[in-house]
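Report on one structure; see the data block that follows.
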Amino acid sequence: MDSTYTTWVLHGERQSEFVECADVEMPESYNMYKEVFFQGDNVAEPTHERRDEEFTNLVEDAETPLYSGCKKYTRMSATVVLFKHKATNSLSDKSFNELLEIIRDMLPQDNTLPDSLYSTKKILKIFDLGYEKIDACVNDCCLFRKEFENLEACPKCRSSRWKVNKHNKKIYYGVPAKVLRYFPIIPRLKRMFGSLEMAEQLTWHATHQSQDNKIRHPVDSLAWKTINSKWPSFASDPRNLRFGLSSDGFNPFKDLSSRYSCWPVILVTYNLPPWLCMVKENLMLTLLIPGPKQPGNDIDVYLEPLVEDLNELWSNGVNVYDAFSKSMFNLKAMLMWTINDFPAYGNLSGYSTKGKVACPVCHAETCSKYLNHSKKLVYMGHRRFLAPDHRYRKKASWFDGNEENRRKPKIVTGEEVFLEVKDLRK
């Protein structure tokens, strides 16, 4: 550890000198939305009349005081604060409605606070980018979209697209058995670049590379530099985005006895500074894969709409308005890597993380041994990764009774893996 490295500003830690960082007030949020609302392309491509009407409503809510004489809160800021409280503390709809009633009763009669959750959502709807509901096969075989959009049953397993009663086999037509939620990424990227502050932060990596060969951000990594050298045209514009993809299963219900497994798929934007790229507000939820069972190796079926958008961003790009440079540009993006635990790694990559050759690094040189009495595989050979002159290499009695003279395995490149699997068919 470098003893002179005392102020960890490049990791997002608190600086030694106090820097004031006030919470974002509603007027600033309103200004940010104004920038996005009138610049570049909008997700739904609304008419000018609709834009004017929605923006007028936003201005009214942002400038209307919560009650006569109130200087701290407007109707919009109070609504945002209370809705955030509901989301953060997992309030039920009933509890939230009761909370609104209590607060309204405490405030002066001329208060403008919404009186119900429904009214709250109507006010906040203007900020919503929406999502797509895509029917899925109950056995994870396919998504009912494109050529399968009008089918009533899965073309592979012939299972009904609609919910079926387990007892009397009655089919509830129009009620899908499983629904994937997809949150399109391109409209959200346009909104990010429509914000003056965010558009500036998205080019942070271009001027903050490490000068002492220490990795403090992915921009200092070998993978980032390899991309720069291999695709110089992509690297030439610092606004082009680089993502990491993360996914894992979790139980959304509080009943721990339930085995329900829901899989969110999240994109991390590495163009941002280290103190921003992992902040939850900047993590993009792109897919919500439903349960009750995990998708397993069929997760690629659910990734289809996201992969299509990523391919579009990589191959052709999309025209986006940059609020910082005040100009339109062609935005491109690439997926650098995935972030997951070992079982999820196997699901996402298609590599078997079980059996004799379970290590994706060692590949064919995986050192495994089956224990007859324990009935399980163990993975040995860790001393191969030590320095050639390390003393543990000669300590046969300390380990498996053998001296270790082998070198560490050669890491298989992506091109070599592709040549091995390119002729495989599912």
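Here is how the numbers come out for the structure above:
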| quantity | calculated |
| --- | --- |
| Residues of segment 353-391 satisfying the condition of being under 24 Å from residue 405 (Cβ atoms) and polar (S, T, N, Q) | 366, 368 |
| Residue in segment 80-98 that is modelled with pLDDT under 90, under 24 Å from the mean Cα position of the chain (by Cα) and surrounded by 17 or more Cβ atoms within 10 Å (Cβ to Cβ) present | yes |
| Segment 311-335 - residue that is more than 25 Å from residue 245 (Cα to Cα) and aliphatic (A, V, I, L, M) and, of those, surrounded by the most Cβ atoms within 10 Å (Cβ to Cβ) | 323 |
| Flag for residue 166 being surrounded by fewer than 17 Cβ atoms within 10 Å (Cβ to Cβ) and either within 27 Å of residue 335 (Cα to Cα) or touching a residue at least 40 places away in the same chain (Cβ under 8 Å) (or both) | no |
| Residues being among the hydrophobic types (A, V, I, L, M, F, W, C) and touching a residue at least 60 places away in the same chain (Cβ under 8 Å) - total across segment 232-260 | 4 |
| Unique match (being among the aliphatic types (A, V, I, L, M) and crowded, with 16+ Cβ neighbours inside 10 Å) among 206, 223, 199 | 199 |
| Qualifying positions in segment 207-231 - in a helix (DSSP H, G or I), touching a helix residue (DSSP H, G or I) at 6+ places or on another chain (Cβ under 8 Å) and touching a residue at least 24 places away in the same chain (Cβ under 8 Å) | 218, 219, 224, 227 |
| Strands (runs of 3 or more DSSP E) contained in segment 234-334 and holding at least 2 residues in the same structural domain as residue 220 (by TED's automatic domain parsing), among the small types (Gly, Ala, Ser) and under 13 Å from the mean Cα position of the chain (by Cα) | 241-247 |
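The values are calculated or read from the model by the stated rules, or taken from the named source; none is laboratory data. Source: prediction; values computed, not measured. We place every Cβ from the backbone using ideal geometry, glycine too, and count neighbours over all the protein chains shown.
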